[in-house]
Each structure stands twice: as structure tokens, then as C-alpha cells.
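Colleague: Please find one structure pasted underneath; my questions will follow.
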Amino acid sequence: MLVDRIEQALQQSTQYLAETALRHALLSRLADLTERERGVMKLVVEGVPNKLIADQLDISVRTVEVHRARVVDKMQVKSAVELANVLRAHGQL
């Protein structure tokens, strides 16, 4: 029926617009990260422990913890696992 197809098209359009808005918001949050925060984020998502991140980037473990906390805050996630899932879901990994 025509009405059913129109409703289905509207639902698909609404879903597409919502996904596009989420992706735009994610890209905006990623753009707010400093270069160092992006570097720390990449290693965190890869599962590298703070101590090894510190050694690799030649910074203190405390500095890694600060950058990691800022990444979690700016990306509006609660954990490294959630961060990885969000990035993966939107093709940013």
C-alpha cells in the first residue's frame, strides 16, 4: 500500500538524519581534541596501559592520566571500551 511505503520511507529518513547528526557530533568532539589527546586516545583504544603510553610518548604516567581523563570528558564517554565502541561504530577506528 502507498501509505505504508510512505511511512517506511519517513522512518528510514528519520533514522538516517539521526545517524548523520550523531556522526557530525562525534566528528565535532574529535576536532576538539588536541594532537596529544588524539595520540593518547589512539593508544588507549588499542589497549596500551598508561605506563607504556607514558614511556612511548616520553611523558609521565600522571600526564597520561590527565590526557586520558580529558579525552573521556570531551568525547562524552565513560570508559575506554565505550570510546572504542563509539569510534568503531562510526568508522573512526
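Nothing in this text is a laboratory measurement; each read-out follows from the coordinates by a stated rule. Here the structure is a predicted model, which is why all the values come from computation and not from measurement.
Colleague: Before rounding to the nearest 500, sum -39500 (n - 2.57) across all DSSP H runs of length at least 4 in the chain and divide by the residue total; then give [θ] at 222 nm in deg cm²/dmol.
Modeller: -25500 deg cm²/dmol
Colleague: If the chain between R88 and V48 were fully stretched, how many nm would it gain, using 0.36 nm times the residue separation less the Cα-Cα distance?
Modeller: 12.7 nm
Colleague: Kindly express, to the nearest 10 degrees and within the range 0 to 90, the angle between helix 61-74's C-alpha long axis and the longest C-alpha principal axis of the chain.
Modeller: So the inclination is approximately 20 degrees.
Colleague: Report, ordered by chain and residue number, the aspartates and glutamates lying within cross-link reach of K51, taken as a straight Cα distance under 17 Å and ignoring same-chain residues fewer than 8 apart.
Modeller: Hits, sequence-local ones excluded: E37, E65.
Colleague: Which far-off residues, 5 or more places away or on another chain, put their amide H under 5 Å from the one on L33, with H placed in the peptide plane?
Modeller: Answer set, sorted by chain and number: none.
Colleague: Related question: Just want to confirm a number: the relative contact order over region 2-89, from Cα pairs under 8 angstrom separated by 6+ residues, in percent.
Modeller: Relative contact order for region 2-89 comes out at 26 percent.
Colleague: Using just the C-alpha positions of the chain as equal point scatterers, what log10 of I(q)/I(0) does the Debye formula give at each q in 0.17, 0.25, 0.26 1/Å?
Modeller: -0.72, -1.24, -1.30
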